[in-house]
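A short worksheet on the structure shown next.
The values are calculated or read from the model by the stated rules, or taken from the named source; none is laboratory data. All values reported here derive from a predicted model rather than from experimental measurement. Here the Cβ is made from the backbone with ideal geometry for all residues, glycine too, and neighbour counts use every protein chain on show. Remember, those area values only see protein heavy atoms, side chains included, never the ligands or the DNA or RNA. Shrake-Rupley method; radii C 1.70, N 1.55, O 1.52, S 1.80 Å.
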Amino acid sequence: MAVSKTEGYDLIGDIHGCGATLAALLEKLGYTQHGGVYRHPRRKVIFLGDLIDRGPRIRLAVSIARRMVEAGEAYIVMGNHEYNALAYCHPAPATSGKRWLREHTPRHNRIIQDTLEQYRDHTNEWDDTLAWFKTIPLFLELDGIRVVHACWDNALIAELRQRSPNACMDEAFLIESTNPSTQAFRILDRLTRGTHVPLPSGIEIHSGDGFTRKSFRTHFWSQAPQVWGDVVFQPDNLPGDLEARPLTDTERARLSYYGPDEPPLFIGHYWCEGIPALPTANIACLDYSAVKYGRLVAYRWSGETKLSADHFVWVRVPKEENVLPQHWEVDAV
């Protein structure tokens, strides 16, 4: 199929502040810096969100991505961590009884701590970065592919198109999205966080990222799932024999479904591990736990309707992630 204005896209998964590794991956893909922007003569990048939090070079990661997007060399979709930052830093309405849209709980503080520390001496830059986050769409559909951070749900995408043709949040949407009873919350939660199934009372997962979870992440490409193991999509194993636990009608009704005849879809979010592989012939997950010294992964798409694992390109994230390529200007952020 023809691709407009370019021969294809290089889709890059969750970076989480691994800015030096991002520079290395772009160079491996054939991008070079011109005027402070990474460019390719025939291709463009699509970032899948989650530029920030946890990693050692968050400002660098944001700077590289933003410069490319603003120069027309890349696109980006909203990740749940960009959304979290917007809500964390936005005052709540006076009538809400809260100070912030995303309350400053110990858990929330811990998630954004590294980002705030790295911008501490650059407050104007952080405010400007938050303003840029507000311009990022929740999904993309272009040249025959679809891109969303966590889950493509056709019904909710249609609702968002009707409400916001450019798929971006305005301030009213942002405020509304923190209320679980609203349409904005349902759209935002599904597209940037996907679906979860609560664990039985008293059972928890102690994840490799140091957080304790009382639910597990689920995927959305099983046509007729019967048990929890049919839909679990995370590196942590379910405790005990829970993979064989039958899905209830209520749990099954909450799941989205993306069929094999839908266009190619690219997602991040799910911190996969190991060698990148395709869960289905039309879906690629590109989050391979970069910030946990996994892989920063790209998929080189050039018009194919059936995806191929041969098109994955990645770099391992070294313990010395904060070491930059020699020619990079550290202060160029």
Heavy-atom accessible surface of the stretch 76-226: percent carbon and sulfur, 1.4 Å: 48
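Helix-derived [θ] at 222 nm for the chain: sum -39500 (n - 2.57) over DSSP H runs of at least 4, divide by residue count, nearest 500?
On the way: 9 runs with 89 residues, N = 333.
Computed mean residue ellipticity for the chain: -8000 deg cm²/dmol.
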Quotient of Cα Rg and 2.2 N^0.38 Å for the stretch 1-82, N being how many residues it contains: 1.04
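Nearest 20 debye, what's the magnitude of the dipole of the stretch 1-141 about its Cα centre given +1 on Lys and Arg Cβ and -1 on Asp and Glu Cβ? Please report the intermediate quantities before stating the final value.
Numbers: 18 positive and 17 negative charges, 11 e Å.
Using only the charged Cβ atoms, the result is roughly 60 debye.
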Relative intensity, log₁₀ I(q)/I(0), of the stretch 67-108 from a Debye sum that treats every alpha carbon as a point, q = 0.20, 0.21, 0.31 Å⁻¹: -0.68, -0.71, -1.02
Kirkwood-based shape ratio for the chain, expressed as Rg/Rh from alpha carbons: 0.94
Cα centroid separation - the stretch 37-75 against the stretch 171-199, whole Å: 26
Computed accessible area, Met169, all protein chains, 1.4 angstrom probe, square angstrom: 20
Simple spin-label estimate for Ser201 and Thr105 in nanometres, 7 Å along Cα-Cβ: 1.9
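Give the calculated FRET efficiency between Asp121 and Glu273 to the nearest 0.05, with a Förster radius of 56 Å applied to their Cβ-Cβ distance.
0.95
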Dipole of the stretch 1-92 [Lys/Arg +1, Asp/Glu -1 at C-beta], most positive-end residue of Pro91, Ile52, Ala24: Ala24
The stretch 59-146 - Rg and Dmax from Cα coordinates, angstrom: 14.8, 45
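Please identify the longest segment of the chain free of exposed GluC sites (Glu not before Pro), where exposed means a DSSP state other than H, G, I, E or B and no more than 10 other Cβ atoms within 10 Å. Don't jump to the answer; show the numbers that get you there.
Values: sites that count: Glu320, Glu329.
That would be 1-319.
With every protein chain present, what is the per residue accessible area of the stretch 1-153 (1.4 Å probe, Å²)? The partial results should precede the final answer.
Values: 5830 Å² over 153 residues.
It amounts to 38 Å² per residue over the stretch 1-153.
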Shape metrics for the stretch 123-239, restricted to C-alpha atoms - Rg then Dmax, Å: 16.7, 51
Net +/- balance of residues flanking Ala85 in space, Cβ distance below 10 Å, scoring K and R +1, D and E -1: -1
Listed residues Pro91, Pro279, Pro200, most fluctuating in the chain (Gaussian network, C-alpha, under 10 Å): Pro200
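Which value results when the Cα radius of gyration for the stretch 168-209 is divided by 2.2 N^0.38 Å?
Numbers: Rg = 13.9 Å, N = 42, 2.2 N^0.38 = 9.1 Å.
Scaled against compact globular proteins, the figure is 1.52.
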For Lys44, solvent-accessible area (1.4 Å; no DNA, RNA or ligand), Å²: 50
Cut-off under 5 Å, modelled amide H: who pairs with Gly8 long-range: Lys44
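Looking only at the chain, where both bridge partners belong to it, what percent of the DSSP beta bridges are antiparallel (to the nearest 5)? All intermediate terms of the calculation are to be shown ahead of the outcome.
Values: 28 of 41 bridges.
About 70 percent, rounded to the nearest 5.
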Heavy atoms of Trp228: accessible area, 1.4 Å probe, square angstrom to 10: 0
Pairwise Cα inverse-distance average, inverted: Kirkwood Rh of the stretch 231-316 (Å): 14.7
